[in-house]
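Here is the structure we will look at.
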Amino acid sequence: MNRRDFLRGAAGAGLPAVCGRLAAQAAGPTLTRVEARYYVKLPDREIECRLCPRFCRLGDKERGYCGVRENQGGTYYSLVYGKACSLNVDPVEKKPFFHVLPGTTALSMATAGCNVNCKFCQNWEISQVRAEQVEHFDFPPEAAAAKAVSSGCPSIAYTYSEPTVFFEYMFDTAERARRRGVRSLVVTGGHINPEPLADLLAVVDAVKVDLKGFTEGFYKAYVRGELKPVLETIRTVARSKVWLEIVYLVIPTLNDRPEDIRAMARWAHDTAGADVPVHFSRFHPMYLMKNLPPTPLSTLEAARETALGQGLRFVYIGNVPGHEAESTYCPGCGQAVIRRVGYSIETVRLKKGKCASCGTAIPGIWA
Amino acid sequence: MDAPRVVIVRSPGVWTAAGSLEPAVLARMFVRGFTALTDERESARAAAALFRPGDRVGIKVNTIGGRAISTRPETAQALAAWLVGGGIEARNIVIWDRTTRELRDAGFAINTGGSGVRIFGTDADGAGYESDLTDHLDVGSLFSRILTELVSVSVSLAILKDHGLAGVTAGMKNYFGAIHNPNKYHDDRCDPFVAQVFDAPPVKARHRLTVIDALAVQFHRGPSYHARWAAKFGGLIFSLDPVAADRAGWTVLDRFRREAGLPSLEAEGRRPAYLATAEKMGLGRSEASVIETIEEAGP
């Protein structure tokens, strides 16, 4: 029965018709059933997922917090392997990665699902729904790798929702992409356990972690997650050969206390080094947090000054197109080595990863 | 506040020797339950006390457990038949749950047509979820349009099960099946989420009564089905107080647990915390001592 027939039947049945806007409607019986990695089987057809710090323990027919992994008869499955729900060619600066192949595009993809529930989520229509509630399409790993090449994208970004929840799909895509010379960039909230993270770091090139606050209280109240495992993820990435950037969305009155910003910046410096890029992004009212105003520019600028004062050398302001703190400045001579306006690159004054003016090495992936 | 009434109707004869349900006995159980609940002698007067002829009644069932441990189709059909007998037109009754597939897997005969009691899931063509979020306390969800647009009155016809996190899943948690993101509300033993989903306007404005299908229950290791911890209780639990109804369900589960040599939910550290939260929110009463429980046993 199609929708028109249904509505005709509803009208005939005396029930009011329901038509018009539909959200999170089922997309059809096209989900996959690929056995998940990182779980253990327990007695009585139960399983424990060990992909992320939630350690969901699930009985038969139950689904994890992420909404895209399900226990079916004692075997745990990913329902979204090869089932992308978002696909775009984006500037890599949009992720944002500011020290990775500037001026290039990243094939950006996502499936449904997320392992936290941020009240300020920008993509909740795909991240906070179950797998079958969003339109998706077949896009297996090999096709993704090929599409990146044919689209002229030197990288694939796993982004929009939380790629940890489609780990198997991301991992296999990254492997295939690497064989074709395409890099993989992960945009994550950082809620992932050490073992899968270690495996992931072997096949990807850069990770951007959204550090959403710097207190456990904030994470519990507004993220529905924990801070500690996120910090562990940042620490692990920083110790690896994979490039790391950190984004801190500054939300008025909730995570913008100067002492928290200072503590975060100090921690980032001590943990990831002075060269880790830190982006302070402007909050916009969204999802379940529409009662707060956008972040004042003065707050962002103060946060940046605080972070610079803690010794971080590459501190940016995001979501404020045209602001001078979108650009990269050489810590040696102070000259702009990459000048940005929004997601556009105006000038790049780098030579083999060094400042064209003074020769200071600028860390990142430049070619 | 008056003591809330809970009516527990038990009929061991509702189960045949072959393990199927006896429709005539089931029908009588509904009559007994509703008349006792309303203090009316006649079924029609009980129906009139609870419903108006123009009501569009949604019967929210819980079918996530498949055929083994879900609200039974026979129970839902018996309730629908009782409603029809009480003056509700069949075409104004919808038996529904989250997905049509789960309903079918639990044994329901799907009917999306124009006549008779209709049976389908929120994922049916033309149904779906609301496009605007309901933002209520700690809950931010899209509610099923079956609940918000098709029906004017809701009956929670839940299955009674142990729940590893919530302690109990019964009439209140049944409404997790009315939202698009129930997986987001299992932290902290599902508390305060069970109470808050129920308190959200789409549910609270329509919920009329709770009937718990306790013909067979899962008293341990739920909500999934485990044969060795499932038991035939042969009962239905009725209440206008959603909190009291679930409290009665908890008592039933603990009774089976005790008989099986298992610790109580409380002793196991799985006291259904959502009940106390619901009481604090004014949704009903959770203390067994203040609940008027009427137990009816029959053939």
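Numbers at a glance
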| read-out | value |
| --- | --- |
| Phi-based couplings in Hz for the stretch A:102-115 (Karplus 6.51, -1.76, 1.60; Gly and Pro marked x) | x, x, 9, 10, 10, 5, 10, 9, 7, 10, 5, x, 7, 9 |
| Extension gain, A:Ala263 back to A:Asp90 (0.36 nm per residue minus Cα-Cα distance, nm) | 59.0 nm |
| Beta bridge orientation in the stretch A:184-279: antiparallel %, DSSP, nearest 5 | 0 |
| Peptide A:34-41, shielding by other chains (average Cβ, 10 Å cutoff) | 0 |
| Two-decimal log10 I(q)/I(0) for the stretch A:67-130, as the Debye equation yields it once each C-alpha is a single scatterer, q = 0.27 Å⁻¹ | -1.10 |
| Rounded tilt (10° steps) of A:141-150 against the dominant C-alpha axis of chain A | 50 |
| Other protein chain Cβ atoms within 10 Å, averaged over every residue that makes up B:175-187 | 5 |
| Peptide A:54-60 - average C-beta neighbours from other chains (10 Å radius) | 4 |
| Using a Förster distance of 22 Å, the FRET efficiency for B:Leu137-A:Met286 (Cβ separation, nearest 0.05) | 0.75 |
| Order of B:Asp213, B:Asp97 under a 10 Å beta carbon neighbour criterion, fewest first | B:Asp213, B:Asp97 |
| Rounded Å value of the spacing that divides the Cα centres of the stretch B:116-146 and the stretch A:126-175 | 28 |
| Fraction of antiparallel bridges per DSSP, the stretch A:83-355 only, in percent to nearest 5 | 40 |
| Point-to-point label distance, A:Ala367-A:Cys333, nm (Cα→Cβ direction, 7 Å offset) | 1.9 |
| With Cα atoms, 0 to 90° folded angle of helix A:258-272 axis to chain A main axis | 80 |
| Semi-axis lengths (Å, descending) of the ellipsoid that matches the C-alpha gyration tensor of the stretch B:5-297 | 25, 23, 19 |
| Of every Cα-Cα pair in the stretch B:170-299, the percent that sits beyond 18 Å | 55 |
| Leading residue at positive end of dipole, the protein assembly as shown (Cβ point charges), from B:Ala216, A:Phe314, B:Gly261 | A:Phe314 |
| On Cα atoms only, tilt of A:3-12 relative to the major axis of chain A in degrees | 50 |
| Percent of beta bridges antiparallel (DSSP, the protein assembly as shown, rounded to nearest 5) | 50 |
| Exposure proxy order (Cβ contacts within 10 Å, fewest to most) of B:Asp132, B:Asp105 | B:Asp132, B:Asp105 |
| Size-normalised alpha-carbon gyration radius of chain A, reference 2.2 N^0.38 Å | 1.04 |
| For q = 0.09, 0.11, 0.12 Å⁻¹, Debye-computed log10 I/I(0) when each Cα of the protein assembly as shown counts as one equal scatterer | -0.78, -1.06, -1.20 |
| Magnitude of the charge dipole, the stretch A:172-246, Cβ model with Lys/Arg +1 and Asp/Glu -1, debye to 20 | 220 |
| R0 of 35 Å, Cβ-Cβ distance A:Leu308-A:Arg33: FRET efficiency to nearest 0.05 | 0.10 |
| For the stretch B:74-192, fraction of C-alpha pairs farther apart than 19 Å, in % | 51 |
| Calculated FRET efficiency for the pair A:Phe137/B:Arg104, C-beta based, R₀ 25 Å, to 0.05 | 0.45 |
| Cα pair distances in the stretch A:24-78, grouped into 5 Å bins until the bin that holds the longest one, percent each | 4, 22, 32, 22, 10, 8, 1 |
| Cross-link pairs A:Lys119/A:Lys220; A:Lys83/A:Lys241; A:Lys61/A:Lys228; A:Lys61/B:Lys60 - those with Cα-Cα distance over 21 Å | A:Lys83/A:Lys241; A:Lys61/A:Lys228 |
| Exposure proxy order (Cβ contacts within 10 Å, fewest to most) of B:Ile294, A:Ile234 | B:Ile294, A:Ile234 |
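Each reported figure results from applying straightforward, stated rules to the coordinates on display, with no laboratory input. Note that the structure is predicted; figures quoted are calculated from it, not measured. All Cβ positions, even for glycine, are placed from backbone atoms using ideal geometry, and neighbour counts span all protein chains on display.
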